[in-house]
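*Asks:* My structure is below; once you've seen it, I'll send some questions.
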Amino acid sequence: MVIVLFGKPGAGKGTQAPLLAEQLGVPTLATGDVLRAAVREGTPLGLEAKAAMHRGDLVPDAVILGIMKETLAKPAYARGVILDG
């Protein structure tokens, strides 16, 4: 099960995600946190993201999707996840 919370900043995604996660027994995952972790860890995709951010560009969709795919493949997310952001 994957639940994706969409909404503008301040809409309550970050408030609702942990409440849903607790009720459903699955973790939450914020895309911004995943991106920052990949950059901090120096993964190949994280380095691509860092280069784009350093130039002031948006991180390409392919890079974000690759980082998310790598993260969601981890055992912690096997039962499901709430995506926040």
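The values are calculated or read from the model by the stated rules, or taken from the named source; none is laboratory data. The structure presented is a predicted model; accordingly, all values stated were derived computationally and were not measured. Ideal geometry is used to build each Cβ from the backbone, glycine not excepted, and the neighbour counts take in all protein chains shown. These accessible areas exclude ligands, DNA and RNA; they are computed on the full protein's heavy atoms, side chains included. Shrake-Rupley method; radii C 1.70, N 1.55, O 1.52, S 1.80 Å.
*Asks:* Here are Ala11, Ala21, Ala38: which of them is more than 12 Å from Asp84 (Cβ to Cβ) and either basic (Lys, Arg) or surrounded by 11 or more Cβ atoms within 10 Å (Cβ to Cβ) (or both)?
*Replies:* Going through Ala11, Ala21, Ala38 in turn, the sole match is Ala38.
*Asks:* What pairs can you find where one residue is in the stretch 1-20 and touching a residue at least 40 places away in the same chain (Cβ under 8 Å), the other is of a type in the set (Asp, Glu) and exposed (fewer than 14 other Cβ atoms within 10 Å of the Cβ), and their Cβ atoms are less than 7 Å apart, with a gap of 6+ or different chains?
*Replies:* No pair meets every condition.
*Asks:* Just one of the numbered conditions (1) surrounded by fewer than 15 Cβ atoms within 10 Å (Cβ to Cβ); (2) in contact (Cβ under 8 Å) with a residue 40 or more places away in the chain is not true of Leu72; which one?
*Replies:* Every condition holds for Leu72 apart from (1).
*Asks:* Would you please name the residue that is nearest to Asp84 (Cα to Cα), looking only at residues in the stretch 44-65 that are open to solvent by 30 Å² or more (accessible area, probe 1.4 Å) and touching a helix residue (DSSP H, G or I) at 6+ places or on another chain (Cβ under 8 Å)?
*Replies:* Of everything passing the filter in the stretch 44-65, Ile64 is nearest to Asp84 (Cα to Cα).
Residues checked against (1) small (Gly, Ala, Ser); (2) at pLDDT below 95:
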residue: Asp33; (1), (2): no, yes
residue: Glu41; (1), (2): no, no
residue: Pro44; (1), (2): no, no
residue: Gly56; (1), (2): yes, no
residue: Pro60; (1), (2): no, no
residue: Val63; (1), (2): no, no
residue: Pro75; (1), (2): no, no
residue: Ile82; (1), (2): no, no
residue: Gly85; (1), (2): yes, yes
